[in-house]
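*Asks:* What follows is a single structure, and I will ask about it in a moment.
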Amino acid sequence: MPALSSSLPGEAIAAYPPWIPGWVWLIGPYLLVLIGVLVLPLANVAAISVFTHDPRAFWSARLTGANYARLLDPYYVQVLVRTLRIGLITTVACAALGFPVAYWLARCSRRVVTIGLFLIVMPMMVSTVIRSFGWMVLLGRTGVINVASEALGLGRWLTIMNTEAAVVIALVQICLPLLVLPTMAAIEKVPVSLEEAASNLGAGAITVFRRVLIPLAAPGLASGALLVFVVAISVVVTPALMGGRSNRMLGNEIYDQVITAMNWPFASAMAIVLIAVVLALLGLSLAAGRALARRSVRGA
């Protein structure tokens, strides 16, 4: 009888062709999925962005730069600036509100952190549409706050709906967990003894926060801030419900061009510009992280 083949891992790997490195077999499936669901679709969008709009067939394969030139129209420049402004304000607000929460969770007991993480993650299980409608119920002209204020004789003083402030409030609530979780993971790696040593050497709370905690937790904070910014500038539902027609963002324009106007080349051009902005910010974030790491090494 022929000998049964061995199933040992080493012999299994040795059975593969020797001219193919072992790491190829490990990351090969992931690369195939990445190419299939990310690289090829993005390449398709980039190709469509330089095609000519054809109402009869979505686009015509005649190359043109008119789609990108149209983005220089003052209206679309204003929409892009508004999108970046709302994303920046949302990121700063999430950092200001989320860092103390992340620090508290990183330093509290295991039982408390379990409850805290549950309360932070639980809203993420609810649809963004439902959460936006919830804010409309709270902040609307006939919402809970105005009705309660009118019952107290203060009148309906809250007129925040259909403004950028309303969009930012909803986005902060939606994006806050994205900053808290990576920042908390980074703070957990900072030994408490470092803070105690700095305090024993005469550093105040602000100095410990600025010179010890922020530099060591910067990678997690930067990752969370980047996640918040990317989500904030690419949302569609929240600005449509909270901001109205006068506070549209680039995601709303892309949606309308695809669904309503059927102008896929122009929508693709806007999407490519948005992706380019995100990639540029990612590059700046990585460069800033390397510079901070080099500065820390020199300081040590």
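*Asks:* Which count do you get for residues in the stretch 91-119 that are of a type in the set (Ser, Thr, Tyr) and either surrounded by 15 or more Cβ atoms within 10 Å (Cβ to Cβ) or touching a strand residue (DSSP E or B) at 6+ places or on another chain (Cβ under 8 Å) (or both)?
*Replies:* Matching residues across the stretch 91-119 total 2.
*Asks:* Now, a different point. Tell me which residues, restricted to the stretch 228-243, are small (Gly, Ala, Ser) and touching a residue at least 60 places away in the same chain (Cβ under 8 Å).
*Replies:* Scanning the stretch 228-243 gives Ala232, Gly243.
*Asks:* Here's another thing I want to ask about it. Restricting to the stretch 258-267, name every residue that is in a helix (DSSP H, G or I) and either farther than 15 Å from Ala66 by Cα or of a type in the set (Gly, Ala, Ser) (or both).
*Replies:* Val258, Ile259, Ala267
*Asks:* Also, I was wondering about something else. Sort out which residues of the stretch 71-84 are surrounded by 16 or more Cβ atoms within 10 Å (Cβ to Cβ) and under 14 Å from Val273 (Cα atoms), and write them in order of number.
*Replies:* Hits for the stretch 71-84 are Leu71, Tyr76, Val79, Leu80, Thr83, Leu84.
*Asks:* I'd like to know if the stretch 277-285 contains one or more residues that are touching a Ser or Thr at 6+ places or on another chain (Cβ under 7 Å) and either outside any helix (DSSP H, G or I) or touching a residue at least 12 places away in the same chain (Cβ under 8 Å) (or both).
*Replies:* Within the stretch 277-285, none of the residues are touching a Ser or Thr at 6+ places or on another chain (Cβ under 7 Å) and either outside any helix (DSSP H, G or I) or touching a residue at least 12 places away in the same chain (Cβ under 8 Å) (or both).
*Asks:* Here is a check on your reading of the model: is Ile174 part of a loop (DSSP other than H, G, I, E, B), touching a helix residue (DSSP H, G or I) at 6+ places or on another chain (Cβ under 7 Å) and within 29 Å of Leu221 (Cβ to Cβ)?
*Replies:* no
*Asks:* Inspect the stretch 228-237 for any residue being over 30 Å from Cys108 (Cα atoms), in a loop (DSSP other than H, G, I, E, B) and touching an Asp or Glu at 6+ places or on another chain (Cβ under 9 Å) and give the result as yes or no.
*Replies:* No, every residue in the stretch 228-237 fails to be over 30 Å from Cys108 (Cα atoms), in a loop (DSSP other than H, G, I, E, B) and touching an Asp or Glu at 6+ places or on another chain (Cβ under 9 Å).
*Asks:* Then there's this: Checking the conditions here, which among Val168, Val126 is under 22 Å from Phe229 (Cα atoms) and either more than 30 Å from the chain's Cα centre (by Cα) or surrounded by fewer than 15 Cβ atoms within 10 Å (Cβ to Cβ) (or both)?
*Replies:* Values: Val168 fails: either more than 30 Å from the chain's Cα centre (by Cα) or surrounded by fewer than 15 Cβ atoms within 10 Å (Cβ to Cβ) (or both).
Selected residue: Val126, the only one of Val168, Val126 that is under 22 Å from Phe229 (Cα atoms) and either more than 30 Å from the chain's Cα centre (by Cα) or surrounded by fewer than 15 Cβ atoms within 10 Å (Cβ to Cβ) (or both).
*Asks:* In the stretch 142-165, which residues are surrounded by fewer than 13 Cβ atoms within 10 Å (Cβ to Cβ) and part of a loop (DSSP other than H, G, I, E, B)?
*Replies:* Hits for the stretch 142-165 are Thr142, Leu152, Gly153, Leu154, Gly155, Trp157, Thr159.
*Asks:* Every residue in the stretch 19-36 that is among the β-branched types (Val, Ile, Thr) and at pLDDT below 90, please.
*Replies:* Residues satisfying the conditions are Ile20, Val24, Ile27.
*Asks:* Pick from the stretch 216-233 the residues that are at pLDDT 90 or above and not aliphatic (A, V, I, L, M): which of them is farthest from Leu179 (Cα to Cα)?
*Replies:* Phe229
The values are calculated or read from the model by the stated rules, or taken from the named source; none is laboratory data. Quick caveat: nothing in here was measured; it's all calculated off a predicted structure. Reconstructed Cβ throughout: ideal geometry from the backbone, glycine too, with neighbour counts over all protein chains shown.
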